[in-house]
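Notes follow the structure.
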Amino acid sequence: MRRCLLLADEPTGNLDRTTAARVGQLLLELQQQEQTMLIVVTHSPRLARMMGRQLELDDGALKGERKWSPSPSGRGLGEGRL
């Protein structure tokens with residue numbers, strides 16, 4: 001059975017920076033390999049920048065959106081503002 005959606009809730013919350021970057025890269029590789037949608041919930045700006053799109057919630061309301069070219073280093077090139 002092919003999976004359509006991969007959810008990751010705080011996948012790097014208790015990890016050091018190096019391990020967190022590896023986990024983020026692994027999630028992206030899995031998403032690409034499986035051709036599935038990846039949704040990551042995180043408080044980590046570095047992990048968020050590894051993703052191609054970022055939505056920010058503030059008190060349950062959508063505050064803003066940012067899209068960019070994902071970067072394995074977590075230093076995406078921003079287009080738009082939050």
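Where Lys and Arg each count +1 and Asp and Glu each count -1, what net charge lies around T36 among other residues with Cβ under 13 Å from its Cβ?
On the way: positive: R2, R3; negative: E29, E34.
Charge balance near T36 sits at 0.
Our coupling estimate for the range 48-54, obtained by passing each phi through the Karplus curve with A = 6.51, B = -1.76, C = 1.60 and θ = phi - 60°, is 4, 5, 6, 8, x, 8, 10 Hz, Gly and Pro reported as x. For L6, the residues whose amide H sits under 5 Å from its own are M37, L38, I39, ignoring neighbours fewer than 5 places away on the same chain, with H placed 1.01 Å from N. Here the Karplus relation 6.51 cos²θ - 1.76 cosθ + 1.60, evaluated at θ = phi - 60°, turns the backbone of the range 7-20 into coupling constants of 9, 9, 9, 6, x, 10, x, 10, 10, 6, 4, 5, 5, 4 Hz, with x for every Gly and Pro.
Which value, in Å³ per residue, describes the convex hull spanned by the Cα atoms of the range 5-71? Walk me through the intermediate numbers first.
Numbers: hull volume 5.9 nm³, N = 67.
About 88 Å³ per residue, rounded to a whole number.
Throughout, read-outs are computed from the coordinates displayed, never taken from laboratory work. If you're wondering where the values come from, they're calculated on a predicted model, not measured in any experiment. Every residue, glycine among them, receives a Cβ derived from its backbone with ideal geometry; neighbour counts consider all protein chains shown.
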